[in-house]
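Visitor: Below is the structure I would like to discuss, written out as C-alpha cells.
The values are calculated or read from the model by the stated rules, or taken from the named source; none is laboratory data. Note that the coordinates shown come from a computational prediction; the quantities given were computed from them, not determined experimentally. Cβ: placed from backbone, ideal geometry, glycine included. Neighbour counts: every protein chain shown.
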Amino acid sequence: MSKVIGLTGQTGAGKSTVREILSKQGAAVIDADEVAHDISDNNLDCLVQIAEKFSCLVLNDQGKLNRKALARMVFTDRRKLLALDKIIFPYIREEIQKEIAALEAEGKDVIVIDGATLIESGCDKACWSVVSVTAEEGLRAQRVVRRDHLSKANAMSRIKSQYDDAYYIERSGFVICNNGTMRELEEKTLLFYKMILEGRKSAPKAEGKPEEPAVTEA
C-alpha cells in the first residue's frame with residue numbers, strides 16, 4: 001500500500017519547492033490545482049453547475065470557463081467562494097482518488113497530493129499524513145512580489161485572505177518552517193521524507209510545548 005502524503009501551505013511559503021525536492025526523491029506527485037483546472041475545463045456536469053450558480057457570464061464564447069470573470073465574482077465575496085468550493089471539491093476528490101488508485105497500481109511507494117486547498121477540499125482525508133509549509137509573513141510577501149510581479153499591497157491582500165500558521169499546524173503531522181536558506185529547506189524536506197519512509201506519521205512534538213503539533217527542524 002502506498003503512503004499518500006498531503007502537501008499544503010501558505011502562498012509564498014515554499015510549497016512548490018518542497019514538492020520538487022520530494023519528486024526528485026522518487027515520490028509521485030498529484031497536482032490538485034491541475035486537477036481542478038482540468039475538471040472546470042472538461043467536466044460538463046461541473047461546468048453546468050457552476051454556470052447555473054453564477055450565470056452564463058462565467059463562460060467564454062467557446063462555452064469554457066472564463067476564470068477571470070469567475071474570479072471577479074468569488075474572490076471578493078466569501079459566500080460565493082464557498083459556494084464554488086462546494087460545487088467543485090467533490091469532483092476534485094473523486095478524480096484524485098482515481099489518480100491515487102492508478103499510481104498505486106503502478107507500484108508507487110509514496111504519492112504526494114499537492115494542493116493549496118488540500119484541507120479545505122477534504123482531500124486530506126485520503127492522506128496517510130499531511131505536511132504543511134509555513135514561513136514568516138514578511139518573507140512570504142517578498143517571495144510573492146518577486147514570483148508574481150505584484151505590488152506589496154496586492155501580495156499582502158493575498159496573504160491575508162489565507163489561514164494563519166495555527167490553522168495548518170493544528171491539521172498537520174509535519175510542519176516545515178521555511179524562514180531560512182534553500183539549503184535549509186532542502187535539509188528539512190529530506191528529513192521529513194526520511195521520517196515518512198521510516199513509517200512515522202508525524203514528527204516529535206516540540207520539547208516543552210506538548211500542545212503544539214510536530215514540527216520538522218533541520
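Visitor: Out of everything in the range 6-29 that is among the β-branched types (Val, Ile, Thr) and within 11 Å of the chain's Cα centre (by Cα), what residue ends up being modelled with the lowest pLDDT? Break it down stepwise before answering.
Guide: Going residue by residue through the range 6-29, those that are among the β-branched types (Val, Ile, Thr) are 8, 11, 17-18, 21, 29.
From what is left, the residues that are within 11 Å of the chain's Cα centre (by Cα) are 8, 11.
Details: Thr8: 97, Thr11: 92.
Checking each candidate, the answer is Thr11.
Visitor: If you don't mind, another one. Give the number of residues within the range 87-98 that are over 14 Å from Ile5 (Cβ atoms) and touching a residue at least 60 places away in the same chain (Cβ under 8 Å).
Guide: Initial filter on the range 87-98 (over 14 Å from Ile5 (Cβ atoms)): 87-95, 97-98.
The next check asks that each one be touching a residue at least 60 places away in the same chain (Cβ under 8 Å); those that pass are 92, 95.
So the count comes out to 2.
For (1) touching a residue at least 60 places away in the same chain (Cβ under 8 Å); (2) among the hydrophobic types (A, V, I, L, M, F, W, C), each residue gets a yes or a no:
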position	(1), (2)
Val4	yes, yes
Thr8	yes, no
Lys15	yes, no
Val18	yes, yes
Ala27	yes, yes
Asp31	yes, no
His37	no, no
Asn42	no, no
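Visitor: Taking the stated definitions as given, is Thr8 outside the structural domain of Ala102 (by TED's automatic domain parsing), in contact with a strand residue (DSSP E or B) (Cβ under 9 Å, 6 or more places away or on another chain) and not in a helix (DSSP H, G or I)?
Guide: yes
Visitor: Something else about it: Taking only the range 37-57 into account, find how many residues are under 23 Å from Glu106 (Cβ atoms) and either at pLDDT 95 or above or surrounded by 17 or more Cβ atoms within 10 Å (Cβ to Cβ) (or both).
Guide: 1
Visitor: Would you check which residues across the range 134-184 are assigned to a helix (DSSP H, G or I), surrounded by 14 or more Cβ atoms within 10 Å (Cβ to Cβ) and of a type in the set (A, V, I, L, M) and list them?
Guide: If the condition is that a residue be assigned to a helix (DSSP H, G or I), surrounded by 14 or more Cβ atoms within 10 Å (Cβ to Cβ) and of a type in the set (A, V, I, L, M), then Leu139, Ala141, Val144, Val145, Ala155, Met156, Ile159, Ile169 are the ones that fit.
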